[in-house]
């Protein structure tokens, strides 16, 4: 598992609006049985409104999505099967959103 890999959301109830999870956990913590993830939500499900700095817009698989940083959580590693891509090229935006959520800057 690599940091910023994208996985299909394993939840049958939420994947319609939150189709993907982004693994943000450092590889230094690979011994843990859980992974820290942030859901990617369909921009259209949120009336096209992003929270400046905290929920950056992400284009992935020809979809406009929001990185829903306020909904950060952890999931069991066993629920994250095969990654469908990577957002490593959005690293600065992801880390910036985390900084904004934690420090306010």
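The values are calculated or read from the model by the stated rules, or taken from the named source; none is laboratory data. None of these values were measured; they are calculated from a predicted model. As a convention, Cβ positions derive from the backbone with ideal geometry for all residues, glycine included, and neighbour counts pool all protein chains shown.
For segment 22-47, the candidate set comprises residues that are closer than 16 Å to residue 6 by Cα and in a loop (DSSP other than H, G, I, E, B); within that set, the residue that is nearest to the chain's Cα centre (by Cα) is 24. From the list 101, 97, the one residue that fits, being surrounded by 13 or more Cβ atoms within 10 Å (Cβ to Cβ), closer than 25 Å to residue 32 by Cα, touching a residue at least 40 places away in the same chain (Cβ under 8 Å) and within 13 Å of the chain's Cα centre (by Cα), is 97.
What are the residues in segment 69-84 that are free of Cβ contacts under 8 Å to residues at least 60 places away in the same chain and either buried (at least 18 other Cβ atoms within 10 Å of the Cβ) or within 14 Å of the chain's Cα centre (by Cα) (or both), if any? Hits for segment 69-84 are 69, 70, 71, 72, 73, 74.
Just one of the listed residues (61, 57, 77) is within 17 Å of residue 97 (Cα to Cα) and in contact with a strand residue (DSSP E or B) (Cβ under 9 Å, 6 or more places away or on another chain), namely 57.
Inclusion of residue 66 among residues that are surrounded by 12 or more Cβ atoms within 10 Å (Cβ to Cβ) and closer than 28 Å to residue 103 by Cβ is warranted. Against the numbered list (1) touching a strand residue (DSSP E or B) at 6+ places or on another chain (Cβ under 8 Å); (2) outside any helix (DSSP H, G or I); (3) modelled with pLDDT under 95, residue 3 comes up short only at (3).
Taking the stated definitions as given, is residue 43 at pLDDT below 95 and buried (at least 18 other Cβ atoms within 10 Å of the Cβ)? Spelling it out, residue 43 is indeed at pLDDT below 95 and buried (at least 18 other Cβ atoms within 10 Å of the Cβ).
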